[in-house]
Amino acid sequence: MSLLRYTLRYLSISLIVVLTIWAAIFYFSMLDEVYDSLDDGLENYKLLIIDRAQRDPAVLHHTSFQEGNYYVEPISKESALATKDFYRDSTIYTINEKDFEPVRVLTTTFDVDDHYYKLTVMSSMVEEDDLIEDLFFAIVWLYVLLLLVIILTHQYMLKIVWSPFFKMIDRLKAFRLGHDDGIGEMNVRVREFKQLKQSVDMLISSSNEAYHQQKVFIENAAHELQTPLAIGINKLELLAERIEDEDVLMTIGQVNEELLRLKRLNRSLLHLSKIENSQFDEVEDVNINELLKEHLDDFTALAEFNEVELRMIEHEECVVRMNLDLAKMLTTNLLKNAIIHNVKGGVVEVIIDRYSLQFINTGVGESLDVSRLFKRFYKGDNNVGNTGLGLSIVKAIAAYCKFEIGYRFLNNTHQFTLRF
Amino acid sequence: MKVLIIEDEPQLRSALKESLLKEHYVVEEAATYSDASQKIWSYEYDCILLDVMLPGGNGLKLLEELKQMGKRSSVIIISAKDSLDDKLTGLGLGADDYLTKPFHISELNARIKTVLRRNTYDGDEVIHYGNVQVNVTNRQVQVQGYSLDLHPKEFDSLNYFLLNKERLVSKTSLAEHVWGDYVDQANDFEFVYSQIKNLRKKLRDAKASVEVQSVYGMGYKLTLQ
């Protein structure tokens, strides 16, 4: 929901409530005022008629409304004295409207020479439903007009007042950790936005610092591990030459395997941090077809051992301008992956097109977790000795060279596609 | 053959020394830059193993000193840094090879022998072991005068064994050497077994007097029957 719609939602709801309450109060106070004035008029009229009746007996014979707005009827003294002035609402049939219209009626008593009379005076009244209707439409118009004005002012305000905010959003969207120093300078006058900008700048600089420190740490740690690893591996190999006992040899072999796994892990981490630090900047034209033919040759033994058939389908020649070491790392990782995560009697197909390279392999019959597939230390199956870094390296190389790497599970095969 | 180990880490130095002594080299050690500099000015070495990061200076500077002296020692750089720059600088300054730590003993053996041979023979070179003759240049193998038909990877394996004859060769080291650097990402080197089985069968069928022995849990050893 946009800022504009969000504010409007609250404004429109509160406006409806306020305007409705206001309309109700306004309606009743109007009505009260109307009654007040009508009753005053009737009172005045009553006094005039009584006054006239004292002098003009004809008034006393006015016994029905007819053309006048009053009528007089004689009553007994007792009932006259018991009656007080009484106002009420009534209706009367009007000829012009051909309908019953509301009227205000005053009933009172008076005496002329000890004869008592009852006087009924009427006055045509405002039609309540018309008033309500008029009021309703007036309020609807007011509401629409207010909303319109608010929308327009708001849109204008959003453009003017919030412009630094939107600019900041755009720059934050384009921001990449480890690549950009910050979101740049901005001319901000509003205090809150100034604070936001300062907070964003601080957050970015501390994140960048942490990111760089982490990168340096990984690289240093990996380097520092090389020498102790070398000592461990070499001493163990020398020890194995002195040992005859098969049980001891077996144990040495197992320890050696673990050290070598550590070595592979370490080397992969170094590769990753080197790729991320852009230390592979020498590029050349790499013939992907030739490269893969070499790899297929190297991997034949591994594939045969795993009982996996390797097929290469060359649709076209593919030449990519990139670093050769990275090209080798990229393709061997994907090929090795396709061979190892396979089933006995399975197939690996390598399909080369002008601008794409595809690895299709049989394997476990379900899709891999795409969201975690390229993350470090992701292991789809419990493959002992696997570093879980192969696909992160692939991803890092693809990102570095601006290639597209995609995975999909189709027809019971795992398909990795590289687009150059 | 006289070899100088220039390495500041005492444990690694002693491991290298132990291995080189098994190959019957005369081994000397230097732990610092000045120590190393003094030794290469005073003595002649056939091969120098050179660490880049040394107390007292950069090992690559020693290469320049060697050049100034006009000495023809073979130099193998052993570095913890897998840095292309260092590698190119080192090789440009006259080093013969560059090995990144950690490495296998057998890989180092193979590299030392290869550079020593290259600098000693210049040309066709045939290795004799038992009744097996291996021509490294044209990649021909003969057993008792009859040529043996080997798959390229089998030849590489045999050659690697010969460079480490009567020494333990771990299957990882073999896989890395023969199937390339990138195979080290593979999580399983069991496939090496089936390859070696083929090589063994071919040697046996040709009645070779050498044998690829299995070293339980570790790898192989090439020995005379």
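The values are calculated or read from the model by the stated rules, or taken from the named source; none is laboratory data. Since the model is a prediction, treat every value here as computed from it, not as a measurement. Using ideal geometry, Cβ is built from the backbone for each residue, glycine included, and neighbour counts are taken over all protein chains shown. These accessible areas exclude ligands, DNA and RNA; they are computed on the full protein's heavy atoms, side chains included. Shrake-Rupley method; radii C 1.70, N 1.55, O 1.52, S 1.80 Å.
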query: For the stretch A:167-189, does any single residue satisfy the condition of being over 30 Å from A:TYR400 (Cβ atoms) and of a type in the set (A, V, I, L, M, F, W, C)?
result: yes
- request: Go through B:SER147, B:SER83, B:SER106, B:SER79 for me and flag whichever is within 22 Å of B:LEU203 (Cβ to Cβ), within 14 Å of chain A (Cβ to nearest Cβ) and of a type in the set (S, T, N, Q).
  value: B:SER106
message: I'm told A:GLU244 meets every condition in (1) more than 22 Å from A:HIS341 (Cα to Cα); (2) more than 7 Å from chain B (Cβ to nearest Cβ); (3) surrounded by 14 or more Cβ atoms within 10 Å (Cβ to Cβ) except one. Can you identify the failing condition by its number?
response: (3)
field: Restricting the stretch B:1-14 to residues that are closer than 18 Å to B:ARG111 by Cα and open to solvent by 10 Å² or more (accessible area, probe 1.4 Å), the residue that is nearest to the other protein chains (Cβ to nearest Cβ)
entry: B:ARG13
query: Given the conditions (1) more than 27 Å from A:ILE132 (Cβ to Cβ); (2) surrounded by fewer than 11 Cβ atoms within 10 Å (Cβ to Cβ), which single one is not true for A:ASP111?
result: (2)
- line: Residue hits (the stretch A:299-309; closer than 18 Å to B:ASN198 by Cβ, touching a strand residue (DSSP E or B) at 6+ places or on another chain (Cβ under 9 Å) and either basic (Lys, Arg) or crowded, with 18+ Cβ neighbours inside 10 Å (or both)) are A:PHE299, A:LEU302, A:ALA303, A:ASN306
query: Taking only pairs six or more apart or across chains, which ones have beta-carbon atoms under 8 Å, a first residue in the stretch B:156-169 that is without any contact (Cβ under 8 Å) to a residue 12 or more places away in the chain, and a second residue that is open to solvent by 10 Å² or more (accessible area, probe 1.4 Å)?
result: none
task: Kindly state which strands (runs of 3 or more DSSP E) lie completely within the stretch A:73-181 and contain at least 2 residues that are among the charged types (D, E, K, R).
output: A:86-94, A:99-112
- request: State which residue is surrounded by the fewest Cβ atoms within 10 Å (Cβ to Cβ) when the search covers only the stretch A:271-283 and only residues that are part of a loop (DSSP other than H, G, I, E, B) and more than 12 Å from every other protein chain (Cβ to nearest Cβ).
  value: A:SER278
- request: Kindly list the number of the only condition in (1) closer than 30 Å to B:SER83 by Cβ; (2) aromatic (Phe, Trp, Tyr); (3) open to solvent by 10 Å² or more (accessible area, probe 1.4 Å) that fails for A:TYR355.
  value: (1)
message: Of the residues B:LYS67, B:LYS17, B:LYS39, only one is charged (D, E, K, R), at pLDDT 90 or above and open to solvent by 60 Å² or more (accessible area, probe 1.4 Å); which?
response: B:LYS17
message: Within the stretch B:189-225, take every residue that is touching a residue at least 24 places away in the same chain (Cβ under 8 Å), open to solvent by 40 Å² or more (accessible area, probe 1.4 Å) and assigned to a helix (DSSP H, G or I) and give me the one that is farthest from the other protein chains (Cβ to nearest Cβ).
response: B:LYS202
message: Let me confirm something: among A:ASP51, A:ASP39, which residue is assigned by TED's automatic domain parsing to the domain that holds A:VAL112, acidic (Asp, Glu) and open to solvent by 50 Å² or more (accessible area, probe 1.4 Å)?
response: A:ASP51
field: Where A:ILE204 falls short, out of the listed (1) at pLDDT below 85; (2) of a type in the set (Val, Ile, Thr); (3) assigned to a helix (DSSP H, G or I)
entry: (1)
task: Take the stretch A:284-338 and flag every residue that is within 14 Å of chain B (Cβ to nearest Cβ), β-branched (Val, Ile, Thr) and free of Cβ contacts under 8 Å to residues at least 40 places away in the same chain.
output: A:THR300, A:THR332
task: Spot the failing condition for A:VAL347; the list is (1) at pLDDT 90 or above; (2) surrounded by fewer than 18 Cβ atoms within 10 Å (Cβ to Cβ); (3) under 39 Å from the mean Cα position of the chain (by Cα); (4) among the aliphatic types (A, V, I, L, M), and only one is missed.
output: (3)
task: Give the stretch A:183-198 a look and list any residue that's farther than 16 Å from A:LYS173 by Cα and not in a helix (DSSP H, G or I), or say none.
output: A:ASN187, A:VAL188, A:ARG189, A:VAL190
query: Inside the stretch B:150-170, can you point out the residues that are within 9 Å of chain A (Cβ to nearest Cβ) and in a helix (DSSP H, G or I)?
result: B:PRO152, B:LYS153
- request: Go through A:LEU131, A:LEU119, A:LEU147, A:LEU142 for me and flag whichever is open to solvent by less than 50 Å² (accessible area, probe 1.4 Å), touching a residue at least 24 places away in the same chain (Cβ under 8 Å) and within 30 Å of A:LEU3 (Cβ to Cβ).
  value: A:LEU147
task: Please go through the stretch A:7-32 and pick out each residue that is within 15 Å of A:ILE132 (Cα to Cα) and open to solvent by 50 Å² or more (accessible area, probe 1.4 Å).
output: A:THR20, A:ILE21, A:TRP22, A:ILE25, A:PHE26, A:PHE28, A:SER29, A:MET30, A:ASP32
task: Select, from A:LEU335, A:LEU326, A:LEU262, the only residue that is within 47 Å of the chain's Cα centre (by Cα), assigned to a helix (DSSP H, G or I) and surrounded by fewer than 21 Cβ atoms within 10 Å (Cβ to Cβ).
output: A:LEU262
- prompt: Does A:LYS194 satisfy the criteria of being surrounded by 12 or more Cβ atoms within 10 Å (Cβ to Cβ) and without any contact (Cβ under 8 Å) to a residue 40 or more places away in the chain?
  reply: yes
task: For A:LEU296, indicate whether it is out of contact with any helix residue (DSSP H, G or I) (no Cβ under 6 Å at 6 or more places or on another chain), assigned by TED's automatic domain parsing to the domain that holds A:LEU357 and open to solvent by 40 Å² or more (accessible area, probe 1.4 Å).
output: no
query: Regarding A:LYS197, is this residue touching a helix residue (DSSP H, G or I) at 6+ places or on another chain (Cβ under 9 Å), away from chain B (no Cβ under 12 Å), modelled with pLDDT of 85 or more and under 30 Å from A:GLU276 (Cα atoms)?
result: yes
- request: Could you identify the single residue in B:ILE48, B:ILE78 that is open to solvent by less than 10 Å² (accessible area, probe 1.4 Å) and either over 19 Å from B:LEU116 (Cα atoms) or in contact with an Asp or Glu (Cβ under 8 Å, 6 or more places away or on another chain) (or both)?
  value: B:ILE78
